[in-house]
Amino acid sequence: MNFSENSSDPSLDSNIFFIIIPPMDLNDLKTKLRQMAFSKGAGVFGVCRIDDLRETFHPEIKKISEKLKTAISIGVPLASPVLRTLVDRPNMIYKAHYRQVNAILDDTSFAIASEIERNGQKAMPLPASMVLKRFPMVGHLSHRVIAHEAGLGWWGRNNLLVSKDYGSQVRLVTILTNAQFETDMPIEEDCGDCFACLSACPVNAISENKEEFNLKACSEQVQKFAQENNYGMYICGLCLKPCRGKIY
Ligand code: SF4
Ligand code: SF4
């Protein structure tokens, strides 16, 4: 169609054509975002509502989140050969990989948020790993809680998300948006007969009953690792190593 033929707008008479791309249907957009995330290295993707979670958000984002309705949760799997190098403490290759995966998560969440905005909606990418307060660790929100609600996995005995395909060997990021995507259902599963991570923890923070996870002991040990090895990062990784989901 030649727009200039049917328009009285003089700006359209100069052989300059404007092609207006309508926003995608939300289901199509969700499919596209999932494909984008997977092409960047993600292995799990889901969506949940945030109305019931907003109270847990950090004050920096709580107010603005009132205008946002859903959260997209994305998980990028860690490389199992890197985890296999862990013996009784974190090491430099694990630290490097941890940072590498965080960078992928931040890049992915930025790209996803940009695509949502290109489609006429609002989106806020949260940082994959930003500690606002230590002991207990506080971020803008809990990526684990969002991931659980978005159906990426269940809450494991090691106090981490456990996905069916990757166990706890997955790092997470969240994008908040006002786009009311169709949500995913939380997974109704648990660790069952697996107790593989209990003996991996150097301070016995993990119990058969997941409600008895010893967060204080875990936090103190992670702090000790950071100081002993001068990593400058609060990492451990020992209870991820044996947690490989439903493939064992
Ligand atoms: S992160 Fe380390 S200290 Fe904490 S529960 Fe896992 S193995 Fe134990
Ligand atoms: S290793 Fe087994 S018990 Fe521990 S969190 Fe993973 S699935 Fe649960």
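Coordinate-derived values only; no laboratory data. Predicted model, so just to flag it, every value in this text is computed and none were measured. Don't worry about glycine lacking a Cβ; one is built from the backbone with ideal geometry, like all the others, and counts go over all protein chains shown.
Odds and ends about this structure:
- For the chain, the Stokes-Einstein estimate of translational diffusion at 20 °C and a viscosity of 1.002 mPa s comes to 109 µm²/s, using the Kirkwood hydrodynamic radius over alpha-carbon pairs.
- Summing Lys and Arg as +1 and Asp and Glu as -1 over all other residues whose Cβ lies under 15 Å from the Cβ of residue 154 gives a net charge of -2.
- In terms of packing, defined here as the mean over residues of other Cβ atoms within 10 angstrom, the peptides 172-182, 112-122 line up highest first as 172-182, 112-122.
- 0 to 90° range, to nearest 10: angle between helix 215-229 axis and the chain longest Cα axis: 90 degrees
- Sorting 86-93, 157-164, 218-225 by their mean Cβ neighbour count within 10 Å, with the most densely packed peptide first, gives 157-164, 218-225, 86-93.
- At R0 = 41 Å, FRET efficiency that the Cβ-Cβ distance of residue 64 and residue 216 yields, to 0.05: 0.80
- In order along region 189-200, the Karplus-derived 3J(HN,Hα) couplings, from 6.51 cos²θ - 1.76 cosθ + 1.60 at θ = phi - 60°, round to 9, 8, 5, x, 8, 7, 9, 4, 7, 4, 7, 7 Hz, and Gly and Pro are given as x.
- Using just its DSSP H runs of length 4 or more, each adding -39500 (n - 2.57), the chain gives a mean residue ellipticity at 222 nm of -9500 deg cm²/dmol after division by all residues.
- Here the Karplus relation 6.51 cos²θ - 1.76 cosθ + 1.60, evaluated at θ = phi - 60°, turns the backbone of region 236-241 into coupling constants of 9, x, 5, 8, 7, 3 Hz, with x for every Gly and Pro.
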